[in-house]
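Structure first, then comments.
The values are calculated or read from the model by the stated rules, or taken from the named source; none is laboratory data. This is a predicted model, so every value here is computed, not measured. With ideal geometry, Cβ positions are generated from the backbone for all residues, glycine too; neighbour counts draw on all protein chains shown. Accessible surface areas use protein heavy atoms only, side chains included; no ligands, DNA or RNA. Shrake-Rupley method; radii C 1.70, N 1.55, O 1.52, S 1.80 Å.
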Amino acid sequence: MSEPIIQLDGIRKTYRSGTLEFEALCGIDTAISEGEYVAVVGPSGSGKSTLMNILGCLDNPTAGSYLLAGEDVSTMTEAQLAEVRNRRIGFVFQQFNLLASLPAWRNVELPLVYAGVPRHVRRERAVAALTRVGLADRTENRPGELSGGQQQRVAVARALVTEPAMILADEPTGNLDSRSTADVLDLLDELHDAGRTIVLITHEKDVAERAGRNLVISDGQITSDNPTARAGVSA
Amino acid sequence: MNWAETLRAGAEAVRAHRMRSLLTMLGIVIGIASVILTVGFGQGAQDKVRDQIDALGSNLLIVSPGSSTDSGGMRGGFGSATTLTLDDATAIADRTAAPDVSRVAPTTSTSTAVTAGETNWTTSVVGTTTDWLDVRARTLTSGRFFTDDELASGAKVVVLGPDTASELFSFGSPVGQTVSIGGQQLTVIGVLDSSGSSDSGSTEDDQAVVPISTAKALSGSTSGAVSTIYVEAASSGTLSAAYQEVQSLLATRHGVTTAEADFSISTQESLVETANSTNKTLTVLLTGIAAISLLVGGVGVMNIMLVSVTERIREIGLRKALGATPSVIGRQFLVEASMLGLAGGVVGILVGVVGSWVLPPLIDQPVTLSLLATVAALLTALALGVGFGVYPASRAARLTPIDALRSE
């Protein structure tokens, strides 16, 4: 096991609406090492979306500490978090979240724009990332001209392009047919084999089986943390 | 994200919603075009008045009987009083009493019928001295002006304005012909050139100028009263000195203080000011209305930008997730709003310029585009974009990425 890339200690998240208090996460302690492929599993309302927001630095925890690649991100400001997201995290969303007006490569280069990478370098790296996901011949196509599976692969290329510490995939196959699902999951497997750290949020068992480790969340707590059958295969 | 990237992203967003951007700009376009045109009309009207007054002659002081104040309130019978005399004019012409005065032309003026053969024309018969031509900066198209001898002897000669000449003599040269004024036969010795005033039908071009001695004989008047004394200062630099000299000289001669003077002296400048004050009020009023329409255009920009923020809430969330800081997002929307404002300003100026070519012949009013107003309008358009973009931009910047991503 290498250095933990994610270290969560006593993470709590409480939502307040008026006098009502709702504890979405009540004390999460876990660590994820570099190169791990972890699936966070749980029914809706279990707190896995909240955990995903915190892991993705989209939200601050109410209490507890979160070290991402050695940096404490639990108390950072919005602008600092934006920078951490840009450098450390590659997002893949259920809704793809591609900008319809931009061709594939312009979508992929977006994180590099915010990282301040010069224009000509961005195009090179975006095309390289698209080649990586098997879309070398689709760089100029707009999302509307691509199939769902292809769109999600563009989104994966966008997550890859900054060479982040972790790829965070939130129900990446939720909107895909079975063929495209297999397509995207194979791609994630490949990335994992190449040494990427991947955290996958899902409620589908067979999707979770593809990961090397399953974190099961229920009522804001981790109820089980087990290696899967695949753990040995790819390790 | 540097400014060049932000500008490019802004331009892309504006282009992505072409129709909406155009409609948003329309408010600014109309506002800017109307500001430019109203200021242009005001300027055009002022230029026209200045032209007319410049045509009076340069370095000119106009001494009238009766007194008037700047505010327009009048004491004495302004214009009808007979407090100015030929002797006053002679005194002003005295080099020792008024060293900064170069020439003096006293005039009398009566409206009289002039007859040439069968043709009758009522015009103002102006009696004056030989210096009138130079003082009033007039020239002749044909013939000559009367001489000192003719002035002294009250010769029966007349110089016609160009409009008068063409009314009385449709064919051939009037010079050498005879006209009848008040039963007396006068020989036409010259025709004046047009005064150069842009206003056609100006009284400056319709008059019959005779020696002042002849004018007195024609009207049977024995008094030395004159209706106006035109005084030419030696140069524009000595105009105010000449003003002082004429004022104190006349006050002394009339035995009054300058505060209760029974005469008034105006300069071209004061005439221009009086004529312009009405114009100015109207221009300010119209420009105010145009400015309000500009403001409404700005509110339109804000409205559309707010819609745009709401509509692109997922895009904002995504951009934030990918690493856009709140200030980068805010800047992007601010740049978009500014671009709409600036583009609206540029188009508005184009519309204004085209309007300034197309409108004047249609409405018979000159339009003078002012560079200052144009630049100011452009800056205002930009400022409107920025000003009314701040609120939508800060709304976009403050969105939290999870809420923005989650919204449907």
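Measuring nothing but how far apart in sequence close Cα pairs (under 8 Å, 6+ apart) lie, relative to its length, chain B scores a relative contact order of 29 percent. When a/c reaches 1.5 or more, the comparison of a/b and b/c decides; with that in mind, is chain B rounded, prolate or oblate per its Cα gyration tensor? Here chain B falls in the prolate category. What does the C-alpha gyration tensor say about the overall shape of region A:135-198? Classify as rounded when a/c is under 1.5, otherwise prolate if a/b is larger than b/c, or oblate. The shape class here is oblate. If you take all other residues with their beta carbon under 12 Å from the beta carbon of A:Cys57, and give Lys and Arg +1 and Asp and Glu -1, the sum is -1.
Looking at the protein assembly as shown, the pairs of alpha carbons with a distance over 42 Å make up 54% of the total.
Mean residue ellipticity at 222 nm, helices only, chain A: -10500 deg cm²/dmol; runs of at least 4 DSSP H residues each add -39,500 (n - 2.57), and the sum is divided by the number of residues.
Averaged over the residues of A:45-54, the number of partner chain Cβ atoms lying within 10 Å of the residue Cβ comes to 1. What the phi angles of region A:60-69 give under the Karplus curve with 6.51, -1.76 and 1.60, with θ = phi - 60°, is a coupling list of 8, x, 6, 8, x, 10, 10, 9, 10, 6 Hz, glycine and proline written as x. With 26 Å as the cut-off, how large is the P(r) tail for region B:282-408, expressed as percent of Cα-Cα pairs? That fraction is 37 percent. Using a simple spin-label model with pseudo-atoms 7 Å out from Cα toward Cβ, B:Leu359 and B:Ser170 lie 4.0 nm apart. Length available on full extension from A:Asp186 to A:Ser44: 0.36 nm per residue minus the Cα-Cα distance, which gives 48.6 nm. Once you divide the Cα radius of gyration of chain A by 2.2 N^0.38 Å, the number left is 1.00. Other protein chain C-beta atoms within 10 Å of residue C-beta, averaged over A:100-107: 2.
Quick check on the protein assembly as shown: of the DSSP beta bridges with both residues there, what percent are antiparallel, nearest 5%? Here the antiparallel bridges make up roughly 70 percent for the protein assembly as shown. By the combined test of axial Cα extent (at least 24 Å) and Kyte-Doolittle hydropathy (mean at least 0.5), none of the DSSP H helices of chain A qualifies. The aspartates and glutamates within cross-link reach of B:Lys280, meaning a Cα-to-Cα straight distance under 13 Å and a gap of 8 or more places when in the same chain, are B:Asp47.
Assuming charge only on the beta carbon of Lys and Arg (+1) and of Asp and Glu (-1), the dipole of the protein assembly as shown about its Cα centre is about 1620 debye to the nearest 20.
What's the local net charge at B:Phe169, with K and R +1, D and E -1, over the other residues with C-beta under 12 Å away? Net charge in that neighbourhood comes out at -3. Remark: accessible surface ordering of B:Lys216, A:Lys205 (largest first) is A:Lys205, B:Lys216, probe radius 1.4 Å. When the square roots of the Cα gyration tensor eigenvalues are ordered a ≥ b ≥ c, the ratio a/c for region B:133-193 is 1.5 or more and a/b does not exceed b/c, which makes its shape oblate. All other residues whose Cβ lies under 13 angstrom from that of A:Glu23 are scored, Lys and Arg at +1 and Asp and Glu at -1, for a net of +1. For region B:260-298, list residues with backbone N below 18 Å from a point placed 7 Å from the Cα of B:Val390 toward its Cβ? Flagged as within label range: B:295-298. Each residue of region B:82-261 gets 125 Å³ once the volume of the Cα convex hull is shared out per residue.
Simple point charges give the picture: +1 on the Cβ of Lys and Arg, -1 on the Cβ of Asp and Glu, and for chain A a dipole about the Cα centre of about 660 debye.
Computed over protein heavy atoms with a 1.4 angstrom probe, the accessible surface ordering of B:Phe388, B:Phe146, largest first, is B:Phe388, B:Phe146.
Between A:Glu124 and A:Gln80, full extension at 0.36 nm per residue minus the direct alpha carbon distance yields a gain of 13.1 nm. Taking each residue as 0.36 nm, the span from B:Arg398 to B:Val375 lengthens on full extension beyond its C-alpha to C-alpha distance by 4.9 nm. Annotation for B:Ser223 and A:Thr14: the two label points, set 7 Å from Cα along the Cα-Cβ direction, are 10.3 nm apart. Let's test the formula: R0 of 22 Å, r as the Cβ-Cβ distance of A:Ser101 and B:Thr310. What FRET efficiency results, to the nearest 0.05? It comes out at approximately 0.80. Screening chain B for whole DSSP H helices of 27 Å or more along their axis (Cα) with average Kyte-Doolittle hydropathy at least 0.0 returns B:18-54, B:268-311, B:326-363, B:371-398.
Calculated mean residue ellipticity at 222 nm for chain B: -18500 deg cm²/dmol, from DSSP H runs with n ≥ 4 weighted as -39500 (n - 2.57), summed, divided by the residue count and rounded to 500.
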